[in-house]
Amino acid sequence: EEIKVEEIMGTLAEEWYSDGKAEGIGIGKIEGKIEGKAEGKQEGEVSFALRILRKRFGQISQDLEKQIQTLSIEQLEDLGEALLDFTTEADLVNWLKRSV
C-alpha cells in the first residue's frame, strides 16, 4: 500500500501544531505563576508597609495609601528601610514625592 505525501505532511502538521499548542500552554502557565508570585509579593510588601505606618502614625490618608499601593516591589523595599527613620507623616509624604 502506497502512503501519500499529503497524508504524511498532514500528520506531521497536526503533531507540530499539537506540540506547539502544548508548549504555548506550558509557557503561559509558567508566566502566570511568575506574575502571580510577583503580585503576591507586591501585595505583601504593601500590607507590611501600611501596618508599620499605621502603627507609627495612626490612620493615614487614603491618598497616601493609594500612592503606596502603586509602588513597585523595589520601591516598597526602599520604603520599608526609609520608614525606620520617619518621625512624622510629613517624612512619608516627602519620601513619596522624591521616590515616585
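The values are calculated or read from the model by the stated rules, or taken from the named source; none is laboratory data. Quick caveat: nothing in here was measured; it's all calculated off a predicted structure. Cβ: placed from backbone, ideal geometry, glycine included. Neighbour counts: every protein chain shown. Please note that ligands, DNA and RNA were not included when accessible areas were found on the heavy atoms of the full protein model with its side chains. Shrake-Rupley method; radii C 1.70, N 1.55, O 1.52, S 1.80 Å.
Residue by residue through region 50-75, note down the ones that are in contact with a helix residue (DSSP H, G or I) (Cβ under 8 Å, 6 or more places away or on another chain) and either open to solvent by 100 Å² or more (accessible area, probe 1.4 Å) or among the aliphatic types (A, V, I, L, M) (or both).
Within region 50-75, the first condition is being in contact with a helix residue (DSSP H, G or I) (Cβ under 8 Å, 6 or more places away or on another chain), and the residues that meet it are 50, 52-53, 57, 60, 64-65, 67-69, 71-73, 75.
If the condition is that a residue be in contact with a helix residue (DSSP H, G or I) (Cβ under 8 Å, 6 or more places away or on another chain) and either open to solvent by 100 Å² or more (accessible area, probe 1.4 Å) or among the aliphatic types (A, V, I, L, M) (or both), then Leu50, Ile52, Leu53, Ile60, Leu64, Ile68, Leu71, Ile73 are the ones that fit.
Take Ser47 and decide whether it is open to solvent by less than 80 Å² (accessible area, probe 1.4 Å), hydroxyl-bearing (Ser, Thr, Tyr), within 30 Å of Asp91 (Cβ to Cβ) and within 22 Å of the chain's Cα centre (by Cα).
Numbers: open to solvent by less than 80 Å² (accessible area, probe 1.4 Å): yes; hydroxyl-bearing (Ser, Thr, Tyr): yes; within 30 Å of Asp91 (Cβ to Cβ): yes; within 22 Å of the chain's Cα centre (by Cα): yes.
Judged against the criteria, Ser47 is a match.
Is it the case that some residue within region 29-44 is surrounded by 10 or more Cβ atoms within 10 Å (Cβ to Cβ) and in contact with an Asp or Glu (Cβ under 8 Å, 6 or more places away or on another chain)?
Looking for residues that are surrounded by 10 or more Cβ atoms within 10 Å (Cβ to Cβ) and in contact with an Asp or Glu (Cβ under 8 Å, 6 or more places away or on another chain), one finds none in region 29-44, hence no.
Pick from Asp85, Asp78, Asp91: which is open to solvent by 40 Å² or more (accessible area, probe 1.4 Å), without any contact (Cβ under 8 Å) to a residue 60 or more places away in the chain and outside any helix (DSSP H, G or I)?
Values: Asp78 fails: outside any helix (DSSP H, G or I); Asp91 fails: outside any helix (DSSP H, G or I).
The conditions single out Asp85.
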